[in-house]
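Let me begin by presenting the structure, written as structure tokens, before commenting on it.
The values are calculated or read from the model by the stated rules, or taken from the named source; none is laboratory data. Bear in mind the structure is a predicted one, so any value in this text is a computation, not a measurement. Reconstructed Cβ throughout: ideal geometry from the backbone, glycine too, with neighbour counts over all protein chains shown.
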Amino acid sequence: MVKLYYVHDPMCSWCWAFRPLWQRLKEQLPQRVRVTSLLGGLAADSMLPMEPEMQQHIRKHWRTIEKRVPGTPFNFEFWQCCTPRRSTYPACRAVIAARSQNDSKEEAMILAIQQAYYLKATNPSDDEVLIDCAGSIGLDEKQFAADLNSPETKQQLLHEIALSRSIGAQGFPGLVLDVDGSFHPIAVDYRDAERVLSRIDQILSQC
């Protein structure tokens, strides 16, 4: 069995930048490679406003991404419209809650969160924003709200975080190829899908 683990966080700006290439990459993977997404949990729950230094640090990341991955859009009005919190676990749980209600909606939920954050300047650290995202992709909002912070959803997130660490994922986004229980981290390239595919083919041929 061959799996390609994709370790991500819907509020990770580098994951947002990687999204277009990741969509292309999945379409070109060898048929025997099965993709499994894991929520890596970038920042734990917090109700505290983000420190000004951290806000500046993240805005700087956005500017860097604009230069390194041209075409990645950011709405910098977020920093004036919202009270940022260093808290991405709610958005991660939202993906799990969407998946548990309808596993075909997982990708749509990730995109809805990213668009809410990076394009619409709303805050996916807030449950009400996540519930709106769920409704926008056709999920039952009441069921989603009940699942969002349920013990089962929280436990699943902790499980995925632990698994992503145990397989040697290197940052966000992270790619790890599992060939019969042997884990091979794959360097992420934000512009060249062929380079990533070539590395995967190389590992498969060696194994």
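Residue count for segment 182-207 under the criterion of being in a helix (DSSP H, G or I) and among the charged types (D, E, K, R): the result is 4.
Before we move on, is residue 148 of a type outside the set (S, T, N, Q) and closer than 12 Å to residue 91 by Cβ? Answer is yes for this residue.
Go over the candidates 48, 42, 29 one by one and state the one that is surrounded by 20 or more Cβ atoms within 10 Å (Cβ to Cβ) and over 21 Å from residue 145 (Cβ atoms). Answer to the check: 42. Among the conditions (1) assigned to a helix (DSSP H, G or I); (2) farther than 18 Å from residue 164 by Cβ; (3) outside the structural domain of residue 133 (by TED's automatic domain parsing), residue 31 misses just one, which is (1). Does residue 19 fit the bill of being within 19 Å of the chain's Cα centre (by Cα), assigned to a helix (DSSP H, G or I) and of a type outside the set (Ser, Thr, Tyr)? Yes: the conditions hold for residue 19.
Among the residues making up segment 150-178, those that are buried (at least 16 other Cβ atoms within 10 Å of the Cβ), outside any helix (DSSP H, G or I) and out of contact with any Asp or Glu (no Cβ under 6 Å at 6 or more places or on another chain) are 167, 169, 173, 174, 175, 176, 177, 178.
For segment 154-184, the tally of residues that are closer than 17 Å to residue 30 by Cα and more than 15 Å from the chain's Cα centre (by Cα) stands at 5. Cβ separations smaller than 6 Å between residues 6+ apart or across chains give the following pairs from segment 84-110 residues that are touching a residue at least 24 places away in the same chain (Cβ under 8 Å) and assigned by TED's automatic domain parsing to the domain that holds residue 135 to residues that are of a type in the set (Lys, Arg) and surrounded by fewer than 23 Cβ atoms within 10 Å (Cβ to Cβ): 98/105; 106/99.
Here the condition is being among the basic types (Lys, Arg), at negative phi and surrounded by 17 or more Cβ atoms within 10 Å (Cβ to Cβ); of 59, 63, 68, 93, it holds for 93 alone.
As for segment 98-108, it holds at least one residue that is crowded, with 22+ Cβ neighbours inside 10 Å, outside any loop (DSSP other than H, G, I, E, B) and either among the polar types (S, T, N, Q) or at pLDDT 95 or above (or both).
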